[in-house]
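A.B. asks: I have a structure I would like to understand better, so I am pasting it below and will then ask my questions one at a time.
The values are calculated or read from the model by the stated rules, or taken from the named source; none is laboratory data. Everything numeric here is computed off the predicted structure, so don't read it as measured data. No Cβ is skipped: glycine too gets one built from the backbone with ideal geometry, and neighbour counts run over all protein chains shown.
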């Protein structure tokens, strides 16, 4: 009896894992090909905001930011480590935030 319960639980766990994988792959958002319109708003520490708008073929946001020299940084094991944004250096202890409002 105990072996049947363990076997049934194992089958159920495998089924749930496969179901989760299928749902994840089916709902995964793909990057868009072709021309896109992107608006990027940079708000400086003094509250002054500047909006940059681009029509681009780039697949990823990072490409747009680097291509238009909106950010500078170093590639690291977790991606781009931003050292300046809109020609304003980020110093140790500074706080900054990147907010994605649409798409992901």
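A.B. asks: Filter the range 59-87 down to the residues that are in contact with a helix residue (DSSP H, G or I) (Cβ under 6 Å, 6 or more places away or on another chain) and either more than 18 Å from residue 41 (Cβ to Cβ) or loosely packed, with under 10 Cβ neighbours inside 10 Å (or both) and list them by number. Lay out the reasoning, then the answer.
C.D. replies: Of the residues in the range 59-87, the ones in contact with a helix residue (DSSP H, G or I) (Cβ under 6 Å, 6 or more places away or on another chain) are 71, 80.
Result: 80, single match.
Residue-wise test of (1) under 22 Å from residue 99 (Cβ atoms); (2) under 18 Å from the mean Cα position of the chain (by Cα).
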| position | (1), (2) |
| --- | --- |
| 16 | no, no |
| 20 | no, no |
| 36 | yes, yes |
| 46 | yes, no |
| 55 | yes, no |
| 58 | yes, yes |
| 79 | yes, yes |
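A.B. asks: Turning to a different aspect of this structure: Would you be able to say whether some residue in the range 18-38 is surrounded by 10 or more Cβ atoms within 10 Å (Cβ to Cβ), free of Cβ contacts under 8 Å to residues at least 24 places away in the same chain and part of a strand (DSSP E or B)?
C.D. replies: For the range 18-38, residues surrounded by 10 or more Cβ atoms within 10 Å (Cβ to Cβ), free of Cβ contacts under 8 Å to residues at least 24 places away in the same chain and part of a strand (DSSP E or B): present.
A.B. asks: Mind listing whichever residues of the range 88-104 are surrounded by 10 or more Cβ atoms within 10 Å (Cβ to Cβ), in a loop (DSSP other than H, G, I, E, B) and over 13 Å from the mean Cα position of the chain (by Cα)? If you could, list the steps in order and put the result at the bottom.
C.D. replies: Looking only at the range 88-104, we keep the residues that are surrounded by 10 or more Cβ atoms within 10 Å (Cβ to Cβ), and these are 88, 90, 96, 98, 103.
From what's left, in a loop (DSSP other than H, G, I, E, B): 90, 96, 98, 103.
If the condition is that a residue be surrounded by 10 or more Cβ atoms within 10 Å (Cβ to Cβ), in a loop (DSSP other than H, G, I, E, B) and over 13 Å from the mean Cα position of the chain (by Cα), then 90, 96 are the ones that fit.
A.B. asks: Within the range 43-59, is there a residue that is on the phi > 0 side of the Ramachandran plot and modelled with pLDDT under 85?
C.D. replies: yes
A.B. asks: If you don't mind, another one. Given the residues 59, 50, 72, which is the only one that is part of a loop (DSSP other than H, G, I, E, B) and in contact (Cβ under 8 Å) with a residue 12 or more places away in the chain? Outline the logic, then answer.
C.D. replies: On the way: 50 fails: part of a loop (DSSP other than H, G, I, E, B); 72 fails: part of a loop (DSSP other than H, G, I, E, B).
Just a single option satisfies the conditions, and that option is 59.
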